[in-house]
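Read through the structure below, which is laid out as structure tokens, and then see the notes.
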Amino acid sequence: MFGEIDHIGVAVEDLDESIALYRDHLGMREQHRETVEEFGVEAALLEIGGSHVELLMPTQPDSGVAKFLERKGPGMHHVAYRTDDIQAVLERMRATGMRLIDDEPRTGIQDSRVAFVHPKSTGGVLTEIVQPAGRH
Ligand code: CO
């Protein structure tokens, strides 16, 4: 169903400081930076093997990441699994009774198609399904 981990999402309060932390102390290169209007965040992707760490800073006070920061403070936010067929994954998840946050894919970073699965059906882990742009 999934090929690999696409990225780990991390909620941060200061994107520049967090990019510097990952660069200077963890040796990860910033590969991409983008404001993703759909989710009310500014995001940066840091390279780690074939995957990424995705740093997320809210740009809107009502965004999910802003609410997460209010509730829990900075830290691990979600894990994202990569697929070539997000519709098939969503159908299979619906069929097995998983609770989806997004019934239909939304546009994520780098024009990917993404959908979130509710942590109540994934053992407490907010889970994102990602189909990168250019696949199908
Ligand atoms: Co993500």
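The values are calculated or read from the model by the stated rules, or taken from the named source; none is laboratory data. All values reported here derive from a predicted model rather than from experimental measurement. Please note: Cβ atoms are built from the backbone with ideal geometry, for glycine as well, and neighbour counts cover all protein chains shown. Remember, those area values only see protein heavy atoms, side chains included, never the ligands or the DNA or RNA. Shrake-Rupley method; radii C 1.70, N 1.55, O 1.52, S 1.80 Å.
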>> If you restrict to DSSP beta bridges whose two residues both lie in the chain, what percentage is antiparallel, to the nearest 5?
In response: 75 percent
> Any idea how far apart Ala133 and Asp16 come out in nm if each label point goes 7 Å out from Cα toward Cβ?
Replying inline: 2.6 nm
> Assigning unit charges at the beta carbon (Lys, Arg +1; Asp, Glu -1) and nothing else, what dipole magnitude in debye, to the nearest 20, does the stretch 4-131 show about its Cα centre?
Replying inline: 580 debye
> Computed FRET efficiency, Cβ-Cβ of Lys120 and Gln87, R0 22 Å: what is it to the nearest 0.05?
Replying inline: 0.45
> Looking only at Val114, Val41, Val125, which one moves most when the chain is put into a Gaussian network model with springs between Cα atoms under 10 Å?
Replying inline: Val125
>> For the chain, what does the relative contact order come out to in percent, with C-alpha contacts under 8 Å and a separation of six or more?
In response: 25 percent
>> Within the chain, which is the longest segment that contains none of the trypsin sites (Lys or Arg not before Pro) sitting in a DSSP loop with at most 14 other Cβ atoms within 10 Å?
In response: 30-98
> Considering the chain as a Gaussian network with a 10 Å cut-off on Cα pairs, which listed residue, Thr122, Thr83, Thr59, attains the greatest mean-square fluctuation?
Replying inline: Thr122
> Distance in nm between label sites at Glu30 and Asp111, each 7 Å beyond Cα in the beta-carbon direction?
Replying inline: 2.3 nm
> In the chain, what percent of the accessible surface is made up of carbon and sulfur (1.4 Å probe, ligands and nucleic acids excluded)?
Replying inline: 49 percent
> Taking a probe of 1.4 Å, how large is the accessible area per residue of the stretch 4-131, in Å²?
Replying inline: 52 Å²
> Which whole DSSP H helices in the chain pass both tests: a Cα extent of 18 Å or more along the axis and a mean Kyte-Doolittle value no lower than -0.5?
Replying inline: none
